[in-house]
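Notes for the one structure printed next.
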Amino acid sequence: MFDQFDPAEDKMLQVIDNNGKVISKELMPGLSDDEMLKLYKDMLFVRTLDHMIVSYQRQGRVYTYPPNYGQEAIGVAAGEVLRHEDWLVPAFRELGAWLAKGVTMKEIFMFNMGFEDGMRFNEANHMLPFSVPIASQLLHASGIGYAIKYQKKDEVAMAFVGDGGTSEGDFHEALNFAGVWKVPVIFVVQNNQYAISVPVKMQTASVNMAIKSKAYGIKGIKVDGNDIFAMLAAFRYAHEYARKEQQAVLIEAVTYRKGAHTTSDDPTKYRTTDEEKEWDRKDPLRRMKLFLEKKKLWSDAEEQKLVNEYEKEIDRQFMETEQTVQYPLEDAIRYTYAEMPQDLRDQQIEHEKFLQWKNARK
Amino acid sequence: MKAMNIVNAVNDALDIKLTEDKSVVVYGEDAGFEGGVFRVTEGLQKKHGVARVFDSPLAESGIAGTAVGMAAAGLRPVIEMQFCGFIYPAFNQIISHVSRYHNRSRGRYKMPIVIRLPYGGGINALEHHSESMEAIFAHIPGLKVVVPSTPHDAKGLLISAIESDDPVLFLEPKRIYRAIKQEVSEEKFSVPIGKAKVLSQGTDVTVVAYGAMIREVQKAMVMAKEAGYSVELIDLRTIYPLDKETIAASVKKTGRLIFVGEEPRSFGVGSEIMALANEEAFLHLEAPPKRVAAFDVIVPYPRGEHHYMITPEKIFYEIERTIKF
């Protein structure tokens, strides 16, 4: 597959076209009808959850949020290949993979409401919290890869980054370390065309992102990130390759951020409606839906019913989270060290004395 | 017991931990095959294998960043930054991740990482080979900062650092790497992090120092003794968490305090010691506490370094001024 889609020739792996028609049958991943439906429903769930969180933000019930809108296929396909023992090193726009790893809605709500407790990800085995400094997390994946190899475990680490992140030094160091060490890490670049307002052509003079793999002696492939079948085919192949060959892979998923960078951003300032319309035709849910409708597996009525169910459940859990979260003083302090220094303890005690004084004054 | 210098002692501590704990790995630039530019890790690759003691690509951010991943996956990496002045490319990983992962994951992922850091001046080197940047790290929540001054403490503190579930910056005073030999137990022992040591008891003035400066203070103390002054010397050993109790008790006893460090003076470790005297021993002070530290400048090249480095005469001069205040 890596030779067939050589990034040096700027080839892109695609399975279905914009109308949901299969264009490369031989690459279509083996899936039952139920499995196909599950993929679609997972994307629909991510889209619904994403829209709901944006609306909660508009109501002032959560803080800044980075929408996944338009990029759902990548995270969902990744979640499909990641096993319980595999590692997910997230960026912040691959919700489908998070949910598949076992991150709960309540946790997602919690950290968007401003509680670090939401990043503990208790139920998600081998999942790291997300890191804000762009691309810095990729080195963690290379280190995990080293540990996997050193401990002789049958595991794979998958790490996400955006197109802007490929300009960071840590992106290059991470690929270089993984290449030299020969470790099972899959690096995924979600090329959604913009780093906030900066278009991808301002990030690199390379013909594509996947070609950067060649400089580090690892395999790379460019994939239509809005084609869930193509993403799944690429992830399955890369996962097998990383495990069996103990090698790193770079996957470029070409996509489009239909929403804003975050809820604080206004994309109308830096892109045109023509461009947005062009990408609407390539929307990952639209394309898969057309595919499923042709196979008579899905209908608008079913979709409406399911979205209603999703919304009800999301809202129920959101309100439950809103009512239960608390942030006691000690939570701001206790996790800084595994073994808390006495001085830090004293700082807390000193502040508690002030609080006692303050309360007595009332 | 065996006669060891600091290089031998650090090597011995690494050897002991590599032997007893398979999760310990040691790596950095030249740290594997060659044993590091100071030969501190010499022989360890041969004994413990290339999977456990190895050369990394030449990239400090990469070294620190991969250690975060290894720690999350259950290893205890001991990484080497070739010189303190080379650590700056790794700042983002150390400050954004090494120090914060425990908090960010609410205790789920511990960061048992040791960053070994040869530091300090007096070795006739180029720029970036002589600086003392411990205060920067001591200021970062989530990090612990340790500086031994003797072979015994180097071994014991490094064993504690490797066994700590918190990340530790382990500063090695390279100026005295081979200057002091001491009888050190070949058995495993540890020196606790966060405990200073009173090296000499005295009654007239408390001198607080660490690392390579201890030896300079001890030379000054010979002069002080001849002049009839009784100096109490405290070796900090750990910068953070600071052993406030030991320092405060000493200052309350002597009523006078001098800090000696080769760091730039402003906003440094010495500044914190001054604050401590103010907050904990104000009414016991008989003279203004004093910092004897370097200028707020870049460490000069070798021909100018004598202007920068703290000498025993300078320390004695300040001891006398403080006592006679």
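Structure notes:
- Sole residue being hydroxyl-bearing (S, T, Y), more than 14 Å from every other protein chain (Cβ to nearest Cβ) and under 24 Å from B:A179 (Cα atoms), chosen from B:T19, B:T41: B:T41
- Helices (runs of 4 or more DSSP H) contained in the range B:216-325 and holding at least 1 residues among the aliphatic types (A, V, I, L, M) and without any contact (Cβ under 8 Å) to a residue 60 or more places away in the chain: B:244-254, B:269-281
- Yes/no for B:P151 being buried (at least 24 other Cβ atoms within 10 Å of the Cβ), farther than 24 Å from B:E29 by Cβ and more than 12 Å from the chain's Cα centre (by Cα): yes
- Assessment of the range A:301-313 against the conditions (more than 27 Å from the chain's Cα centre (by Cα), outside any helix (DSSP H, G or I) and modelled with pLDDT of 95 or more) yields no matching residue.
- Condition met for B:E20 (over 21 Å from the mean Cα position of the chain (by Cα), more than 19 Å from A:S131 (Cα to Cα) and not assigned by TED's automatic domain parsing to the domain that holds B:Y301): yes
- Residue within the range A:47-56 that is assigned to a loop (DSSP other than H, G, I, E, B) and not aliphatic (A, V, I, L, M) present: no
- Of all the residues in the range B:54-79, those that are buried (at least 24 other Cβ atoms within 10 Å of the Cβ) and out of contact with any helix residue (DSSP H, G or I) (no Cβ under 7 Å at 6 or more places or on another chain) number 1.
- Extreme residue, nearest to A:L290 (Cα to Cα), among residues of the range A:1-41 that are polar (S, T, N, Q) and in contact (Cβ under 8 Å) with a residue 60 or more places away in the chain: A:N19
- Whether a residue is among the hydrophobic types (A, V, I, L, M, F, W, C), closer than 17 Å to A:T262 by Cβ and either without any contact (Cβ under 8 Å) to a residue 24 or more places away in the chain or assigned by TED's automatic domain parsing to the domain that holds A:W298 (or both) was assessed, and A:A124 does not pass this test.
This table checks each residue for (1) assigned to a helix (DSSP H, G or I); (2) assigned by TED's automatic domain parsing to the domain that holds B:D243; (3) of a type in the set (D, E).
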residue: B:S149; (1), (2), (3): no, no, no
residue: B:L157; (1), (2), (3): yes, no, no
residue: B:F170; (1), (2), (3): no, no, no
residue: B:P192; (1), (2), (3): no, no, no
residue: B:G211; (1), (2), (3): no, yes, no
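- Strands (runs of 3 or more DSSP E) wholly inside the range B:1-67 that include at least 1 residues being in contact (Cβ under 8 Å) with a residue 60 or more places away in the chain: B:2-4, B:24-28
- B:V191 being over 17 Å from B:P148 (Cα atoms), buried (at least 18 other Cβ atoms within 10 Å of the Cβ) and hydrophobic (A, V, I, L, M, F, W, C): no
- Only a single item in (1) closer than 22 Å to A:D266 by Cβ; (2) surrounded by fewer than 20 Cβ atoms within 10 Å (Cβ to Cβ); (3) out of contact with any Gly (no Cβ under 7 Å at 6 or more places or on another chain) is not met by A:V198, and it is number (3).
- Members of the range B:62-90 found to be within 14 Å of chain A (Cβ to nearest Cβ) and aliphatic (A, V, I, L, M), listed by number: B:I63, B:A64, B:A67, B:V68, B:M70, B:A71, B:A72, B:A73, B:L75, B:V78, B:I79, B:A90
- Inspection of the range B:33-47 finds no residue satisfying the criterion of being assigned by TED's automatic domain parsing to the domain that holds B:L126, modelled with pLDDT of 95 or more and within 17 Å of A:E173 (Cβ to Cβ).
- All conditions in (1) under 26 Å from A:R61 (Cβ atoms); (2) facing another protein chain (nearest Cβ under 7 Å) hold for A:M127, with the sole exception of (2).
- So A:G165, is it more than 8 Å from chain B (Cβ to nearest Cβ) and either within 22 Å of B:D55 (Cα to Cα) or touching a helix residue (DSSP H, G or I) at 6+ places or on another chain (Cβ under 6 Å) (or both): yes
- Residue in the range A:133-151 that is farthest from A:A253 (Cα to Cα), counting only those that are facing chain B (nearest Cβ under 8 Å) and assigned to a loop (DSSP other than H, G, I, E, B): A:Q151
- Subset tally (residues that are basic (K, R) and either surrounded by fewer than 19 Cβ atoms within 10 Å (Cβ to Cβ) or within 18 Å of B:Q82 (Cα to Cα) (or both)) for the range B:95-139: 2
- Failed condition for B:V168, given (1) without any contact (Cβ under 8 Å) to a residue 40 or more places away in the chain; (2) under 16 Å from the mean Cα position of the chain (by Cα); (3) over 26 Å from B:T254 (Cβ atoms): (1)
- When residues in the range B:132-161 are screened for being touching a strand residue (DSSP E or B) at 6+ places or on another chain (Cβ under 7 Å), more than 14 Å from chain A (Cβ to nearest Cβ) and not hydrophobic (A, V, I, L, M, F, W, C), 7 of them pass.
- Here A:D154 passes the criteria (1) more than 13 Å from chain B (Cβ to nearest Cβ); (2) closer than 19 Å to A:Y65 by Cβ; (3) part of a loop (DSSP other than H, G, I, E, B); (4) not β-branched (V, I, T) except the one numbered (2).
- Residue within the range A:103-116 that is more than 13 Å from every other protein chain (Cβ to nearest Cβ), part of a helix (DSSP H, G or I) and β-branched (V, I, T) present: yes
- Subset tally (residues that are outside any strand (DSSP E or B) and either touching a residue at least 40 places away in the same chain (Cβ under 8 Å) or in contact with a Cys (Cβ under 7 Å, 6 or more places away or on another chain) (or both)) for the range B:106-121: 6
The values are calculated or read from the model by the stated rules, or taken from the named source; none is laboratory data. Quick caveat: nothing in here was measured; it's all calculated off a predicted structure. Positions of Cβ are generated from backbone atoms using ideal geometry, with glycine treated the same way; all protein chains shown enter the neighbour counts.
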